[in-house]
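Since the structure comes first, as structure tokens, the remarks are kept for the end.
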Amino acid sequence: MLGFLKKPVVVTAEINLNLVALTLLGLMSRLWGLSYPRAVVFDEVYYGQFISLYMKRIFFVDDSGPPLGHMLLALGGYLGGFDGNFLWNRIGAEYTLNVPVWSLRLLPALAGALCVPLAYQILVEMHFSHCAALGAALLILLENSLITQSRFMLLESILIFFILLAVLSYLKFYNLPRNSSFSGSWWFWLLLTGAACSCAVGVKYMGLFTYLLLLALAGLHFWHMIGDQSFSNVSLICHFLARVLALLIIPLAMYLSFFYLHLTLLYRSGPHDQIMSSAFQASLEGGLARITQGQPLEVAYGSQITLRNVLGKPMQCWLHSHPNTYPIRYENGRGSSHQQQVTCYPFKDVNNWWIVKDPGMQQLVVSNPPRPVRHGHIVQLVHGITTRYLNTHDVAAPLSPHSQEVSCYIDYNISMPAQNLWRVEIVNRESDSEVWKTILSEVRFVHVNTSAVLKASGFTCISSLPEWGYRQLEVVGEKLSKGYHQSMLWNVEEHRYGKSQEQKEREVELHSPTQMDISKNLSFMAKFTELQWKMLTLKNEDTEHKYSSSALDWITMDTNIAYWLHPTSAAQIHLLGNVVTWTSANIAALLYTCLSLCYLVRRRRQIYDVPEDAWQLWLSAGGISLGGWAVNYLPFFLMEKTLFLYHYLPALTFQILLIPIVLQHLSDHLCRSLLLKSMFSGLTIAWFSSVYFVYCTFSPVTYGEPSLSASELRALRWKDSWNILLRKQ
């Protein structure tokens, strides 16, 4: 029974020493002197703010991408014991002792280091030689721009890591033998493909381009499977469902989980939550939640409310009035109603309070029991402090002459009667009898007499109201209202049940904080939908940056970015690529395109220059490498945003993979004699030596040390367009 103990337990393992050596070299090149410089380097000033907010659990919105990348950077801070206390206000600021610089920069550096062995494995899985795979890995290893970008608190190296991992995983999955379908390894590589794609998109939206490329590749391969008669219908359906699960459903679930973790971590109110809806703000600890917690849920006749415009950008604002009137005539000579001004005011103020009144009754307090206002009900809105009624009539608005002026009615005893009835329309209602709810309901106010819709138009005007309107935002009655633009929607933010009928007592009531006993929280999906929409539609003002560039500048590296300059010496760090590698990548792409077109034309004429298996290998390798370059580069020509050289790095990585592919093809199929092969090998070695020479030459501005003299720095300016920093003597 125990006979198996008579023999020793032996474990054998195959170790690829090339892979081990490349991994070690990658770690050395990225981790060496990682804490230097101990100062804020370029976009660390941007991402560092978010790391501090994570440490303090304060909510923020960043329109640059989903939260996974930020959370990974914050993880480094958490592991290093960072408390979030550092003022990220300028590039070059020295880090205080409480900032764990090495830990914060560790994850991007590890991601950059692991890209080296990933490149090697990708070429091997493409069925190229180990020599070609080694060349691809060494080119990634010696690429100065990739080294620089991976040594700081930046996201590009993490993005490239997940992109390469997704490509490698799919190639591993595709190359498995047919009899291993639905085995453990088959599921592992397929699921890892989907997970890596989701992580790439979760770091930056740019990851979506590679995800779509792999989906297209998977679709093409499945299309070929459909034509294979050896697969039964049931087998094809199972393969299809497995791919849908692994490449669509699970990545989507993971993407949602990134936001779930993000929102779970950031539960405290902060300055960024002001662009979110009142309901979202009220779900955060502190801030608006302190004001609205326990408010009455249902708006009733007699309710005292503040109305916040749902659009919330470029700034939040509330429906507001004050005793001042519109001028009798505007600067352009047009006349006004000279009624009390109604505006949208971007600050909380007692003049933002309104009372919901039943037109058929005089009381301004909530009855017992309260009579809730429902969708379709007619109300009057009484300004809490001045007790004048919200009104509009056929008079042109001050800044929007095609819309109606909105005012609070003053009876001048002239032929302009009050028109102050408004119909409540709940846009996000679930039924036509739905009750108007605090925070949750998005409401349109439709004027009964003219059918105009109450709208905050100051968001789209060239300017706010003039001095007579205190530069506040214009509110109008929009006559032609098509659809539900957010500037026409309002929600109740603060709410109390009015108890005082006398005006002086009511003014005291309006100045006091709300203290009631009903609360409502948003679901995760509602918060996710709102946050995702804000991230996609929020547009910061794109200002011209000193180091911004166009996509055309990237191919020939006509631009650089100065990341850091030592405060006293000439030591500096630049985002600059290896000129030989970038030029070779462009030549490789051009050669691949020309050779492919030539082969296609000749194959059309029944002339086959390369064997069929080599032709299929050429096409598939180019589809991934050149296709990866195209999908990660060409979309930038359609983007209206400030662009920088580092945006090109994912595309460059794919283009670098193309270099050894083209070199091996030239050696195997175009160098037909032994002499030509020998000469080609010699030229390749000389070329690679030049890559290493350029890497060494620019290492001082890649790592920031040693400090160079002024003449040495001038010698590094190989292009007139490069901005190498020289101190004035």
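Matching residues to (1) closer than 23 Å to Glu143 by Cα; (2) free of Cβ contacts under 8 Å to residues at least 24 places away in the same chain; (3) not β-branched (Val, Ile, Thr):
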site: Leu576; (1), (2), (3): yes, no, yes
site: Val579; (1), (2), (3): yes, no, no
site: Trp582; (1), (2), (3): yes, no, yes
site: Leu597; (1), (2), (3): no, yes, yes
site: Tyr608; (1), (2), (3): no, yes, yes
site: Ala614; (1), (2), (3): no, no, yes
site: Phe636; (1), (2), (3): yes, no, yes
site: His647; (1), (2), (3): yes, no, yes
site: Ile659; (1), (2), (3): yes, no, no
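Out of segment 486-507, which residues are over 16 Å from Tyr301 (Cα atoms) and part of a helix (DSSP H, G or I)?
Gln486, Ser487, Met488, Gln503, Lys504, Glu505, Glu507
If Val395 satisfies all but one of (1) among the hydrophobic types (A, V, I, L, M, F, W, C); (2) assigned to a strand (DSSP E or B); (3) under 43 Å from the mean Cα position of the chain (by Cα); (4) surrounded by fewer than 21 Cβ atoms within 10 Å (Cβ to Cβ), what's the number of the condition it fails?
(3)
Do the conditions hold for Pro370, that is, is it in a loop (DSSP other than H, G, I, E, B), of a type outside the set (Ser, Thr, Tyr), open to solvent by less than 30 Å² (accessible area, probe 1.4 Å) and touching a residue at least 60 places away in the same chain (Cβ under 8 Å)?
Numbers: in a loop (DSSP other than H, G, I, E, B): yes; of a type outside the set (Ser, Thr, Tyr): yes; open to solvent by less than 30 Å² (accessible area, probe 1.4 Å): no; touching a residue at least 60 places away in the same chain (Cβ under 8 Å): yes.
No, not satisfied.
If you go through segment 599-608 one residue at a time, do you hit one that is farther than 20 Å from Leu123 by Cβ, touching a Lys or Arg at 6+ places or on another chain (Cβ under 8 Å) and open to solvent by less than 60 Å² (accessible area, probe 1.4 Å)? Walk me through it before giving the result.
Our first condition is that a residue be farther than 20 Å from Leu123 by Cβ; within segment 599-608, this holds for 599-608.
Then drop every residue that is not touching a Lys or Arg at 6+ places or on another chain (Cβ under 8 Å), which leaves 608.
Those still in the list that are open to solvent by less than 60 Å² (accessible area, probe 1.4 Å) too: none.
No, because not a single residue in segment 599-608 is farther than 20 Å from Leu123 by Cβ, touching a Lys or Arg at 6+ places or on another chain (Cβ under 8 Å) and open to solvent by less than 60 Å² (accessible area, probe 1.4 Å).
Considering only residues that are charged (D, E, K, R) and open to solvent by 10 Å² or more (accessible area, probe 1.4 Å), look in segment 14-59 and name the one that is nearest to the chain's Cα centre (by Cα).
In this case the residue turns out to be Asp43.
Taking only segment 400-446 into account, find how many residues are farther than 16 Å from Ala300 by Cβ, among the β-branched types (Val, Ile, Thr) and in contact with an Asp or Glu (Cβ under 9 Å, 6 or more places away or on another chain).
3
Please specify each residue of segment 667-721 satisfying the condition of being under 29 Å from Ser35 (Cβ atoms) and either outside any helix (DSSP H, G or I) or among the polar types (S, T, N, Q) (or both). Quick ask: steps written out before the conclusion?
Our first condition is that a residue be under 29 Å from Ser35 (Cβ atoms); within segment 667-721, this holds for 691-710, 712-713, 715-717.
Answer for segment 667-721, where residues must be under 29 Å from Ser35 (Cβ atoms) and either outside any helix (DSSP H, G or I) or among the polar types (S, T, N, Q) (or both): Thr697, Ser699, Thr702, Gly704, Glu705, Pro706, Ser707, Leu708, Ser709, Leu716, Arg717.
Specify which of the listed residues (Pro706, Pro700) is within 21 Å of Ser29 (Cβ to Cβ) and surrounded by fewer than 12 Cβ atoms within 10 Å (Cβ to Cβ). Even if it seems obvious, please write down each step before you answer.
Working: Pro700 fails: surrounded by fewer than 12 Cβ atoms within 10 Å (Cβ to Cβ).
Residue meeting the stated conditions: Pro706.
Out of the residues in segment 308-354 meeting the condition of being touching a Leu at 6+ places or on another chain (Cβ under 7 Å) and part of a strand (DSSP E or B), tell me which one is surrounded by the fewest Cβ atoms within 10 Å (Cβ to Cβ).
Trp318
How many residues are part of a loop (DSSP other than H, G, I, E, B) and closer than 19 Å to Lys357 by Cα when one looks only at segment 412-429?
To start, the set of residues in segment 412-429 that are part of a loop (DSSP other than H, G, I, E, B) comprises 412-421, 427-429.
Among the residues that remain, those that are also closer than 19 Å to Lys357 by Cα are: 417-421.
Counting residues in segment 412-429 that are part of a loop (DSSP other than H, G, I, E, B) and closer than 19 Å to Lys357 by Cα gives 5.
For segment 247-259, indicate whether the set of residues that are assigned to a helix (DSSP H, G or I), farther than 19 Å from Phe173 by Cβ and touching a Phe, Trp or Tyr at 6+ places or on another chain (Cβ under 8 Å) is non-empty.
yes
Looking only at segment 208-225, filter to residues that are without any contact (Cβ under 8 Å) to a residue 60 or more places away in the chain and within 29 Å of the chain's Cα centre (by Cα); which one of those is surrounded by the most Cβ atoms within 10 Å (Cβ to Cβ)?
To start, the set of residues in segment 208-225 that are without any contact (Cβ under 8 Å) to a residue 60 or more places away in the chain comprises 208, 211, 214-216, 218-225.
Restricting the remaining residues to those that are within 29 Å of the chain's Cα centre (by Cα) gives 208, 211, 214-216, 218-219.
On the way: Leu208: 14, Tyr211: 22, Leu214: 24, Leu215: 18, Ala216: 13, Ala218: 19, Gly219: 11.
Only one residue fits best here, namely Leu214.
Scan segment 410-428 for residues that are within 34 Å of the chain's Cα centre (by Cα) and at pLDDT below 90 and jot them down.
Passing the criteria: only Asn428.
For residues in segment 628-644 being open to solvent by less than 20 Å² (accessible area, probe 1.4 Å) and in a helix (DSSP H, G or I), which is nearest to Ile656 (Cα to Cα)?
Step one: list which residues in segment 628-644 are open to solvent by less than 20 Å² (accessible area, probe 1.4 Å), which gives 628, 632-633, 636, 643.
So of that shortlist, the ones also in a helix (DSSP H, G or I) come out as 628, 632-633, 636.
Details: Gly628: 11, Asn632: 13, Tyr633: 14, Phe636: 19 Å.
Ranking the qualifying residues of segment 628-644, first place goes to Gly628.
The values are calculated or read from the model by the stated rules, or taken from the named source; none is laboratory data. Small disclaimer: the values here were computed from a predicted structure and weren't measured. Ideal geometry is used to build each Cβ from the backbone, glycine not excepted, and the neighbour counts take in all protein chains shown. All accessible areas refer to the heavy atoms of the entire protein, side chains included, with ligands and DNA or RNA removed. Shrake-Rupley method; radii C 1.70, N 1.55, O 1.52, S 1.80 Å.
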